[in-house]
Amino acid sequence: MFEALPEPKPDAILSLMTAFRADTRTEKMDLGVGIYKDSAGKTPVMRAVKSAEGRLLETQDTKAYVSPTGSAPFCAAMIEQVFGKDADTSRLRAVQSVGGSGALRILADLLKEGRPGAEIWISDPSWPNHVPLMKAAGYGLQNYPYYDAATGKVRIDDMLAALGNAAKGDIVLLHGCCHNPTGADLSLDEWNGIIDLLLEKDLFPFVDLAYQGFGDGLEEDAAAVRLLASRVPEMVVAASCSKNLGLYRERVGAAMLLGKSEEEATRAHARLGSVVRANYSMPPDHGANTTEIVMSDEGLNNDWREELETMRQRMVGLRQAFAEALRKRSNSERFDYIASQKGMFSRLPLNTEQIDALREDYAIYIVGDGRINVAGLPEDGLDTLADAICTVLAED
């Protein structure tokens, strides 16, 4: 049987990680892996998380299963974080998921039941795992233009034109903030234009909110989701705690839905629990309970928000400094877009040969589409990095 299985394609990012670890050059730079790093190149356990884990260790008295829908206090805390303290929760429901990826998959499975003939529209470019996740759920995929590499901005007119060709009932996958891999976000005016089209065409919004708190701030980064919730009759949101709480390996996320009515929301929530049961039965407990403690304890919550803001400001500063270094080295404004983009990623205008040259000649590791992890930029090596990038661009 196994001989009939196709050879899997190597994961580009995992392969890059392996090559980086094997590289013995001391000056090597890893700009590829999409996790937050501090100035020492480490991904720290946040202070509030560490305290909450200690409290959990002291007080937890069972390791019995949680339900398929997970921790109710955690779900309530995530709804408040994403939709706001003043949100009308009568039509909102949430299920604890196995990270943001798990939320994407179980929501995709739920929507497949509700709109079996729908196709999913995904931005070009998008997070690479969006495609296999949605294909695995059985969807036909369509792309809408999103990023203008020449300007570093969103191709809003082209995006709207493409989505205007979507069939009634199709699903549109949208990045709630901090677009991955480009860092180019929609303005609220542009969001309103998209919502107008969603309503006109009866398209269903499916929001991936993986980086809340990394763009303009924890509350500001939820603005698009809250705007959608105020205007559309129904929607789903996949939220992740991997980035803003640093809980990558704990796999903590939430699959959230807004129903047309309280009755429909309750029915959809029950079906989502059945989807979880059929996928992985029960979600893990530790990370979600840790998150719930951080969210519910005022002191820990304030400390978490403070540390998260420090992380965000560090990335903003790195963006500005990197753009300035590239401006000086290139003697142009070609890279100024980096400073105005949001979140952990930007895309450099590099082709495969130039990316290979950076790795081979300068020990600089970048993903094949030119995406860089802003948090991985070397604070004391930006001029060196800018010089290497401009050199390989000039050699082309």
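The values are calculated or read from the model by the stated rules, or taken from the named source; none is laboratory data. This structure is a prediction, so every number in the text was calculated from the model and none was measured. Glycine gets a Cβ as well: all are built from the backbone with ideal geometry, and neighbour counts include every protein chain shown. Side chains included, ligands, DNA and RNA excluded: accessible areas come from the protein's heavy atoms. Shrake-Rupley method; radii C 1.70, N 1.55, O 1.52, S 1.80 Å.
Data for the structure
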| quantity | calculated |
| --- | --- |
| Residue check, T18 part of a loop (DSSP other than H, G, I, E, B), out of contact with any Ser or Thr (no Cβ under 8 Å at 6 or more places or on another chain) and of a type in the set (S, T, Y) | no |
| Verdict on T43 being of a type in the set (S, T, Y) and either in contact with a Pro (Cβ under 9 Å, 6 or more places away or on another chain) or in a loop (DSSP other than H, G, I, E, B) (or both) | yes |
| Members of the stretch 108-146 found to be crowded, with 21+ Cβ neighbours inside 10 Å and part of a strand (DSSP E or B), listed by number | I120, W121, I122, S123, Y144 |
| Residue in the stretch 29-37 that is of a type outside the set (A, V, I, L, M, F, W, C) and loosely packed, with under 15 Cβ neighbours inside 10 Å present | no |
| Residue count, the stretch 262-289 (criterion: outside any helix (DSSP H, G or I) and either open to solvent by 40 Å² or more (accessible area, probe 1.4 Å) or β-branched (V, I, T) (or both)) | 4 |
| Among the residues listed as E333, E360, the single one being without any contact (Cβ under 8 Å) to a residue 24 or more places away in the chain, open to solvent by 40 Å² or more (accessible area, probe 1.4 Å), more than 23 Å from N244 (Cα to Cα) and not in a helix (DSSP H, G or I) | E333 |
| Where a residue in the stretch 74-96 is without any contact (Cβ under 8 Å) to a residue 60 or more places away in the chain and its partner, wherever it lies, is in a helix (DSSP H, G or I), with Cβ under 7 Å and at least six apart | T89/I79 |
| Selected residue (criterion: surrounded by the fewest Cβ atoms within 10 Å (Cβ to Cβ)) from residues of the stretch 39-55 that are closer than 17 Å to F214 by Cβ and either hydroxyl-bearing (S, T, Y) or in contact with a helix residue (DSSP H, G or I) (Cβ under 8 Å, 6 or more places away or on another chain) (or both) | S39 |
| Among (1) closer than 16 Å to V172 by Cα; (2) open to solvent by 10 Å² or more (accessible area, probe 1.4 Å); (3) not hydrophobic (A, V, I, L, M, F, W, C) - the single one S230 does not satisfy | (1) |
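Residue-wise test of (1) modelled with pLDDT of 95 or more; (2) out of contact with any strand residue (DSSP E or B) (no Cβ under 9 Å at 6 or more places or on another chain); (3) closer than 30 Å to E379 by Cα.
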| residue | (1), (2), (3) |
| --- | --- |
| F2 | no, yes, no |
| K9 | no, yes, no |
| A12 | no, yes, yes |
| T24 | no, yes, yes |
| D30 | no, no, yes |
| V33 | no, no, yes |
| D61 | no, yes, no |
| V66 | no, no, no |
| G70 | yes, no, no |
